[in-house]
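Asker: Before we start, here is the structure in question, set down as structure tokens.
The values are calculated or read from the model by the stated rules, or taken from the named source; none is laboratory data. The shown structure was predicted, so the numbers you read here are calculated from the model rather than taken from an experiment. Quick reminder, even Gly has a Cβ in these numbers, built from the backbone with ideal geometry, and neighbours come from all protein chains shown. With ligands, DNA and RNA removed, areas are computed over all heavy atoms of the protein, side chains included. Shrake-Rupley method; radii C 1.70, N 1.55, O 1.52, S 1.80 Å.
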Amino acid sequence: MVPHLTTALTGPLLELERRFLDATPQIERWLRAQWNEHTPPFYSSTDLRNAGFKLAPVDTNLFPGGFNNLNPAFLPLCVQAAMSAIEKFCPDARSLLLIPENHTRNQFYLQNVAQIAAILKQTGLNVRLGSLNPDITQPTPVELPNGQSLLLEPLVRTGNRLGLDGFDPCAILLNNDLSAGIPAILQGL
């Protein structure tokens, strides 16, 4: 599977795309070497700007909110990348607790969370969603406009372990920058 850049401008971009494709083995080798030398964040996103004659990274997001915008053709690559990352930090992981932000009214963000969960489930993990929202006191289904649904569950802390009622995860993925502060349930973990 090879990405194809799309834009209204085609002249210089087609040449740039051809150069990328011609150099794919060298680029992939360099990326693998960098990946092994510098452990990147578990997941992130990078915004690219296309000037028609050059492509440049302009911003990296450690708590990305656009997984719902991924091209469906690239989802197998996303699953493969997630499997590789999980294997690197926790090879025996079986279950994962995903803790999103409290944007329960932001449907686009929730579709993003649903896509993250779907990708992680395709890696073979049992994925459940825990909520920091104090209004979530019992499992709460959330219907999304695209036909998907999420089940948000209240977090449960037992000693220094965080999970859900009847669910003790191997790993926790916090999709929340905690800009509003660290909630009491997360302090001292």
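Asker: Restricting to the range 137-175, what's the tally of residues that are open to solvent by 20 Å² or more (accessible area, probe 1.4 Å), part of a loop (DSSP other than H, G, I, E, B) and at negative phi?
Answerer: 11
Asker: Exactly one condition in (1) free of Cβ contacts under 8 Å to residues at least 12 places away in the same chain; (2) surrounded by fewer than 15 Cβ atoms within 10 Å (Cβ to Cβ); (3) part of a loop (DSSP other than H, G, I, E, B); (4) of a type outside the set (S, T, N, Q) is not met by LEU189; state its number.
Answerer: (1)
Asker: Scan the range 113-124 and give yes if some residue there is within 15 Å of SER95 (Cβ to Cβ) and open to solvent by 80 Å² or more (accessible area, probe 1.4 Å), otherwise no.
Answerer: Yes, the range 113-124 contains at least one residue that is within 15 Å of SER95 (Cβ to Cβ) and open to solvent by 80 Å² or more (accessible area, probe 1.4 Å).
Asker: Can you tell me which residue in the range 61-107 is most open to solvent (accessible area, probe 1.4 Å), limited to those that are part of a helix (DSSP H, G or I) and more than 29 Å from PRO145 (Cα to Cα)?
Answerer: Ranking the qualifying residues of the range 61-107, first place goes to GLU87.
Asker: Something else: Please verify whether the range 112-131 includes one or more residues that are in a helix (DSSP H, G or I), of a type outside the set (A, V, I, L, M, F, W, C) and over 27 Å from HIS38 (Cβ atoms).
Answerer: Here is the first cut: in the range 112-131, the ones in a helix (DSSP H, G or I) are 112-121.
Subsequent filtering for residues that are of a type outside the set (A, V, I, L, M, F, W, C) retains 112, 115, 121.
Keeping just the survivors that are over 27 Å from HIS38 (Cβ atoms) gives 121.
Yes - at least one qualifying residue is present in the range 112-131.
Asker: Output the number of residues of the range 42-54 satisfying the condition of being closer than 25 Å to ILE119 by Cα and exposed (fewer than 12 other Cβ atoms within 10 Å of the Cβ).
Answerer: Count: 3.
Asker: If you don't mind, another one. What's the number of the condition VAL58 fails, among (1) at pLDDT 85 or above; (2) among the hydrophobic types (A, V, I, L, M, F, W, C); (3) part of a helix (DSSP H, G or I)?
Answerer: Every listed condition holds for VAL58 apart from (3).
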